Amino acid sequence: MRDVLVVSLFLAMIVVAFRKPIGGLCVWVWTSFITPNFFLYGFGNSIRFNLIAALMTITSFMMFTQKKEITKHSLATTVYVFFGWSLITAIFAIHDSPDIAFISDAFFRAMVLFVFILFIIKTENQFRVICIAFCLSLGFYSVAEGLKYFLSGGGHRIVGPANSALTDNNHFALGINMMIPFLLALHAEFKQKYLKLAIVGVILTSILTVMGTNSRGGFIGLMVIGGFYFLHSKKKLLIITLVLILGGTVISLVPDNYFARIDTINNAQEDLSFLGRVVAWKQSILIALDNPITGGGFNAVQTASVWYTYAPDFDTTWLMNTPHPIETGVKAAHSIYFQVLGDQGFTGIILFCFMLYFSIIKSYGVMKYRPPDSNGERVWVNSWGQACFLSMVVYSIGGALLSLAYFELLYLVLALICVLDAEVKKQKAQSLIATS
């Protein structure tokens, strides 16, 4: 019965959205993060909802969009170059693991979404509905998991949707932290009180979900978000009050070992989990030093043959003292930076870091932009620029301990930054013409 309901709802969405490419794009984004197959156990489990939504959107765009013009932006060019380089490194990979094809496929799908966001989103309303679609998809999980955690008195074990990039609790926490700034932007955008209250509810349960994942990176991400909004808010007393109330609720729910786990952030050299990450980082460095231009190819460090090939040279690296890779066994890169370094060499890591830096600078510029005739008042791009800026900062910090360099959500946010900055440039050009 559940399969019939979900598939029927999906088909209705497809039919309604077909003549409107932006509608199709919303369904595409929604299926990217909600992964409907997670709920289905019958015939619907084998349906590729995301692929169908993507093909429908592309077909709709080709048929019903008269002016097919892509948003051109220097950040987009950087993303294209990074993607192209990743494919080159995959061709010259030092291993033949199936992970190469799997990650290439996932990265390609993320890039297709990136491109069609630049093709389709041209207005404020289109930008807003895409952000709503994203928040509805990932927000569904954060609300559901947060409520389960609350109702179980902290006993519920939180993980992300199965068979997705967010299955791991740490990945799930990062994804939610990247969504929270967009929820806050929606709260600022909406005027209706009931919608504002609903969004506050989603934000609170999202915070609870992040805490419930027991992710140290997730905790740090929340601190970054909270610190930013506290420093930039005019209602600091209200924020302090809310933090105390929410903090008291969380403390009553989290298990006794939670704060002991968080405290290991200050004692990294005694934390075996962290030391295991450093082992993988050292191995990634060795791969990059041996293959400085192209690296080892996708998931090189996580491939057993590569891992044990470089294990004999392990003691030549200069990071902190750790167990030997023969003792720990094969591990994931556990860092977007070391992941790219091992996968794509020094060329790839330079491109990747430049892409992140460029995105943060551009989104910060959008956040601070004020049109000459606005009298210093915020305009629609400012709230969304702030959301993108904070989302990228959270990703850049939280991703330092996670293998999520080819994460679809990252490229969604990068595309949104390109759209926003292009809109700012357009407004500046119009203001210049008006005053000349």
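The figures follow:
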item: Yes/no for VAL413 being in contact with a helix residue (DSSP H, G or I) (Cβ under 6 Å, 6 or more places away or on another chain), closer than 22 Å to MET111 by Cβ and hydrophobic (A, V, I, L, M, F, W, C); result: yes
item: Failed item in (1) closer than 30 Å to SER305 by Cα; (2) free of Cβ contacts under 8 Å to residues at least 12 places away in the same chain, with THR89 passing the rest; result: (2)
item: Check on PRO312, more than 26 Å from VAL394 (Cβ to Cβ) and assigned to a loop (DSSP other than H, G, I, E, B); result: no
item: Members of the range 32-49 that are among the polar types (S, T, N, Q) and in contact (Cβ under 8 Å) with a residue 40 or more places away in the chain; result: SER32, THR35, ASN37, ASN45
item: Subset tally (residues that are assigned to a helix (DSSP H, G or I), touching a residue at least 40 places away in the same chain (Cβ under 8 Å) and either over 28 Å from ASN163 (Cβ atoms) or aromatic (Phe, Trp, Tyr) (or both)) for the range 50-83; result: 8
item: Index of the failed condition, ARG48 passing every other in (1) assigned by TED's automatic domain parsing to the domain that holds THR294; (2) within 19 Å of LEU11 (Cβ to Cβ); (3) of a type in the set (Lys, Arg); result: (1)
item: Search result, residues across the range 13-36 that are within 18 Å of PHE140 (Cβ to Cβ) and either assigned by TED's automatic domain parsing to the domain that holds PHE140 or out of contact with any Ser or Thr (no Cβ under 8 Å at 6 or more places or on another chain) (or both); result: MET13, CYS26, PRO36
item: Residue match in the range 209-223 (condition: out of contact with any Cys (no Cβ under 8 Å at 6 or more places or on another chain), surrounded by fewer than 16 Cβ atoms within 10 Å (Cβ to Cβ) and modelled with pLDDT of 85 or more); result: yes
item: Criterion violated by TYR41 - all others in (1) at pLDDT 95 or above; (2) surrounded by fewer than 17 Cβ atoms within 10 Å (Cβ to Cβ); (3) more than 17 Å from LEU416 (Cα to Cα) satisfied; result: (1)
item: Qualifying residues in the range 355-401 (those that are part of a helix (DSSP H, G or I) and of a type in the set (D, E, K, R)) - the one farthest from LEU184 (Cα to Cα); result: ASP373
item: Matching entry among ALA101, ALA53, ALA76, ALA90 (being assigned by TED's automatic domain parsing to the domain that holds GLY160 and more than 23 Å from ALA332 (Cβ to Cβ)); result: ALA76
item: Hey, GLN126 surrounded by fewer than 20 Cβ atoms within 10 Å (Cβ to Cβ) and either free of Cβ contacts under 8 Å to residues at least 60 places away in the same chain or not assigned by TED's automatic domain parsing to the domain that holds TYR357 (or both) or not; result: no
item: Test result for VAL424, at pLDDT 95 or above, closer than 30 Å to VAL27 by Cβ and in a helix (DSSP H, G or I); result: no
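The values are calculated or read from the model by the stated rules, or taken from the named source; none is laboratory data. Only a predicted model underlies this, so the values are computations on that prediction, with no experimental measurement involved. Methodologically, a virtual Cβ is constructed for each residue, glycine included, from the backbone with ideal geometry; neighbour enumeration extends over all protein chains shown.
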